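The values are calculated or read from the model by the stated rules, or taken from the named source; none is laboratory data. Predicted, not measured: the structure shown is a model, and the values here were computed from it. Virtual Cβ from ideal backbone geometry, glycine too; neighbours counted across all protein chains shown. The area values use the complete protein model at the heavy-atom level, side chains included, leaving out ligands, DNA and RNA. Shrake-Rupley method; radii C 1.70, N 1.55, O 1.52, S 1.80 Å.
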Amino acid sequence: AVTGAVGDFRIRPSFHALKAFAGLIPGCRYEGRLNTSPILEVHAFRSDRKLFHAVWTINGRTAALIDLYANEDLQAASFVSRDGDLLSEAPTLVSETLIYLYWPPEREVRTKAGAAILKAVAIHRHVLGKTHSFFRQDGWQGLVLARDTNEAESLLREIHPQRISSPPREAILRHARNAIWTITDPRNPDCRLVVKQPARIFLHKRILDCRKPSKALRSWNGACELLRLGVETARPVAYFEFLGDASRRKNFYICEYVQSRLSVRELFSAYARGLDVFQEVPASEVYGPLSRYLLKMHSGGVFFRDLSGGNILVSQNAEGQHCFSLIDTGRTRIYPLGVPLWQRLSDLSRICNKLHWTGREQFLGEYFRGIGKTFSFPYQIPFHLYDFKVWLKRRVGRKALKRLLKKFKSG
């Protein structure tokens, strides 16, 4: 027996998924799994009416359908969603959300030899009203996130990797190791997109990072993993990389421009100067929400690894509450069961470098209460060490050397 009235219950997505399965698969003969690679599942079922393939991935990974099936089999296939809806547009990717492909019952369809996921690519599948489109052309590969095929094609006309040229001077946001600039959003001329491309990669980094994904793909993956865990970040739009690029500079990451007046670095610097309010943002309204935001990030398994105050943008929601959004997500590392404490301290020591100790005790006191601890002296040691590292770097490191050279030239 089940207690309660019918009105006390609601239909969950799994109900529709079970209904779709019950309408398609029972009565079929199971022909087995068609691939051997982990993370990807391809299973075949045949009846007198149809040949079905059920395909999905796990853990936020994805596979390109053109890497799994021959082109003629994809053109002959029909596609049904996890919930049993006939898809009007053929998908290009397989994700955590199962899809069914079906053909006439007499057709023989096998997966390609070595069928597997896209190497090192993560996606956030459950973006409301949007879908991912796979792109591979003239040596370039990438993904575009859009409402439908028409919007994806419209975006590609403007942000195609062969169309993105050197950034115009007036649109540059940063030009150091990476070039970062803005372009008009093809979907809305009143909005902007941000483009990021590696500008300078030293030889030793090319050697050390030769087995790592491109910078663009790392930025894409970091943003997708954050969104999968419910942590707000600049919304990804696309990434492109030139396959086999030895220079490691031919890649682009594109995301939406975050409308923000301030960064946490500006706020913490102002509070450290003795201000309790900076640009109408009181410190008392920042420490608590920011600590909860970072606690959610760390508890979800996100070790950001570059958590400087400049990488956290501050804005206001419709209710007037201060909210936060991470940018520069390329160094993000994901843990399955939360971030270890010593790595949390590594993140937190970076963001607190501009903040005075009184502010740190308030901000970190909130954070540590969230994990059932007190911000006592042993936990303060990494913050002192990081402060010393920054002090040393400014006086004898690259920044100090640049200041000395500048003074020498001017004198």
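Would you say residue 224 is under 26 Å from residue 126 (Cα atoms) and open to solvent by 40 Å² or more (accessible area, probe 1.4 Å)? When the stated conditions are applied, residue 224 does not pass them. Residues that are charged (D, E, K, R) and touching a Ser or Thr at 6+ places or on another chain (Cβ under 9 Å) were ranked within the stretch 250-265; the one that is nearest to residue 144 (Cα to Cα) is 250. Tell me, which residue of the stretch 144-170 that is assigned to a loop (DSSP other than H, G, I, E, B) and under 23 Å from residue 126 (Cα atoms) is least open to solvent (accessible area, probe 1.4 Å)? So, considering only residues that are assigned to a loop (DSSP other than H, G, I, E, B) and under 23 Å from residue 126 (Cα atoms), the one least open to solvent (accessible area, probe 1.4 Å) is 148.
Of the residues in the stretch 86-98, none is under 18 Å from residue 27 (Cα atoms) and either open to solvent by less than 10 Å² (accessible area, probe 1.4 Å) or in contact (Cβ under 8 Å) with a residue 12 or more places away in the chain (or both).
Scanning the stretch 258-282 for residues that are open to solvent by 10 Å² or more (accessible area, probe 1.4 Å), in contact (Cβ under 8 Å) with a residue 60 or more places away in the chain and over 17 Å from residue 234 (Cα atoms) returns 265, 269, 272.
Please identify the pairs in which a residue from the stretch 128-139 that is open to solvent by 50 Å² or more (accessible area, probe 1.4 Å) has its Cβ atom under 9 Å from the Cβ atom of a residue that is among the aliphatic types (A, V, I, L, M) and in a strand (DSSP E or B), counting only partners at least 6 apart or on another chain. Listed pairs, sorted by first residue: 130/145; 130/146; 131/93; 131/145; 131/146; 136/64. Of all residue pairs spaced 6 or more apart or on separate chains, those with beta-carbon atoms under 6 Å, a first member in the stretch 331-360 that is under 23 Å from residue 223 (Cα atoms) and a second member that is of a type in the set (A, V, I, L, M) are 347/307; 350/307; 351/307. Across the stretch 171-190, the qualifying residues are those that are polar (S, T, N, Q) and either under 19 Å from the mean Cα position of the chain (by Cα) or closer than 19 Å to residue 219 by Cβ (or both), and the one among them that is surrounded by the most Cβ atoms within 10 Å (Cβ to Cβ) is 178. Would you check if residue 73 is in contact with a strand residue (DSSP E or B) (Cβ under 9 Å, 6 or more places away or on another chain), farther than 30 Å from residue 335 by Cβ and of a type outside the set (Gly, Ala, Ser)? Yes.
Summed over the stretch 44-64, residues that are touching a Pro at 6+ places or on another chain (Cβ under 7 Å), more than 14 Å from residue 30 (Cβ to Cβ) and not basic (Lys, Arg) total 1.
Of the residues 344, 369, the single one that is within 24 Å of residue 224 (Cα to Cα) and open to solvent by 10 Å² or more (accessible area, probe 1.4 Å) is 344. Does the stretch 369-379 hold any residues that are more than 19 Å from residue 271 (Cβ to Cβ), without any contact (Cβ under 8 Å) to a residue 60 or more places away in the chain and not basic (Lys, Arg), and which are they? Result: 372, 374, 376, 377, 378, 379. A count restricted to the stretch 388-411 and to residues that are modelled with pLDDT of 70 or more and touching a helix residue (DSSP H, G or I) at 6+ places or on another chain (Cβ under 7 Å) stands at 2. For the stretch 71-85, which residues satisfy the criterion of being open to solvent by 30 Å² or more (accessible area, probe 1.4 Å) and either aliphatic (A, V, I, L, M) or more than 27 Å from the chain's Cα centre (by Cα) (or both)? Selection gives 71, 72, 75, 76, 78, 84, 85. Just a yes or no: is a residue in the stretch 232-242 out of contact with any Pro (no Cβ under 9 Å at 6 or more places or on another chain) and over 30 Å from residue 148 (Cβ atoms)? Among the residues of the stretch 232-242, not one is out of contact with any Pro (no Cβ under 9 Å at 6 or more places or on another chain) and over 30 Å from residue 148 (Cβ atoms), which makes the answer no.
Any residue in the stretch 52-62 that is of a type in the set (A, V, I, L, M, F, W, C), over 24 Å from residue 217 (Cβ atoms) and out of contact with any helix residue (DSSP H, G or I) (no Cβ under 7 Å at 6 or more places or on another chain)?
yes
For the stretch 303-349, name all the residues that are within 18 Å of the chain's Cα centre (by Cα), of a type in the set (Ser, Thr, Tyr) and not in a loop (DSSP other than H, G, I, E, B). Selection gives 325 alone.
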